[in-house]
Amino acid sequence: MKPRRSVKGLDAFCGEVHEDDGIDPRESLSRRGSREQRTRKSNRKDLQLAKQVFRAIDAALRGELTDSVLQELEVASVQPAPDATHFMVTLRPAMLGDGVSVSAALERLDKVHSFLRHQVAAAITRKRAPELSFHVIGGEEEHP
C-alpha cells in the first residue's frame, strides 16, 4: 500500500501544490535512472547477441553450406529488428566484382533459412532462437 502524503502546510512554502510535491527527489531520480540503465543494458545485450548471430551465420556460410552462390557471400552486418527476437542479416559478395545475383541469393537463403536458424540456436544460449530476415547488397540486379 502506498503511503499517503499530507499536503497540509505545503501551500505556505509554495505558490501552487503539484502532484510531485513532498516526494524525495533522490527517489524519483533513482527510479528514472534505473529505467535508463535497464534500456542501456538491454541494448548492450541485444548487440552482444547480434555479434553471436553474426559469427554463427558467417561460420555456416564458410564451412557447412555447399551452395556455391551462398559461399560467395559474407555477412556484412546483423542488427536487431526491432528487438532481439528478430534480426536483419545483411549479406554482400565476398569479392568485389563477383556476379552474385540478388534474387538467386535470396532464393537460396530462403531454402537454407531453417538450417541457418538452427545454427544460430546452437551457438547462442536462449530459450527461443531469434527469427532471421536476409538482405543482400552489392550484387547484380536482374533486369527483365
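The values are calculated or read from the model by the stated rules, or taken from the named source; none is laboratory data. This one's a predicted model, so the numbers in the text were calculated from it and none came from an experiment. FYI the Cβ positions are ideal-geometry reconstructions off the backbone, even for glycines, and counts take in every protein chain you see.
Would you point out the residue of segment 97-127, among those that are β-branched (Val, Ile, Thr) and either out of contact with any helix residue (DSSP H, G or I) (no Cβ under 9 Å at 6 or more places or on another chain) or free of Cβ contacts under 8 Å to residues at least 40 places away in the same chain (or both), that is surrounded by the fewest Cβ atoms within 10 Å (Cβ to Cβ)?
Thr125
Within segment 72-94, being within 18 Å of Ala60 (Cα to Cα), not in a strand (DSSP E or B) and not acidic (Asp, Glu) holds for one residue alone: Ala94. Considering only segment 65-78, I want to know if a residue exists there that is under 13 Å from the mean Cα position of the chain (by Cα) and more than 21 Å from His118 (Cβ to Cβ). Within segment 65-78, one or more residues are under 13 Å from the mean Cα position of the chain (by Cα) and more than 21 Å from His118 (Cβ to Cβ). Restricting the first member to segment 69-96 and to residues that are without any contact (Cβ under 8 Å) to a residue 24 or more places away in the chain, and the second to residues that are surrounded by 15 or more Cβ atoms within 10 Å (Cβ to Cβ) and of a type in the set (S, T, N, Q), the beta-carbon pairs closer than 8 Å and six or more apart or on different chains are Val75/Thr90; Ser77/Thr90.
Yes/no per residue for (1) modelled with pLDDT under 85; (2) exposed (fewer than 11 other Cβ atoms within 10 Å of the Cβ); (3) in a helix (DSSP H, G or I):
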site: Gly15; (1), (2), (3): yes, yes, no
site: Glu27; (1), (2), (3): yes, yes, yes
site: Arg31; (1), (2), (3): yes, yes, yes
site: Leu47; (1), (2), (3): no, no, yes
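Could you grab me the full set of residues in segment 56-82 that are within 15 Å of Ala122 (Cβ to Cβ), exposed (fewer than 15 other Cβ atoms within 10 Å of the Cβ) and not aliphatic (A, V, I, L, M)? Residues satisfying the conditions are Gly63, Glu64. With respect to Val53, is the statement that it is part of a helix (DSSP H, G or I), touching a helix residue (DSSP H, G or I) at 6+ places or on another chain (Cβ under 6 Å) and modelled with pLDDT of 90 or more true? When the stated conditions are applied, Val53 passes them.
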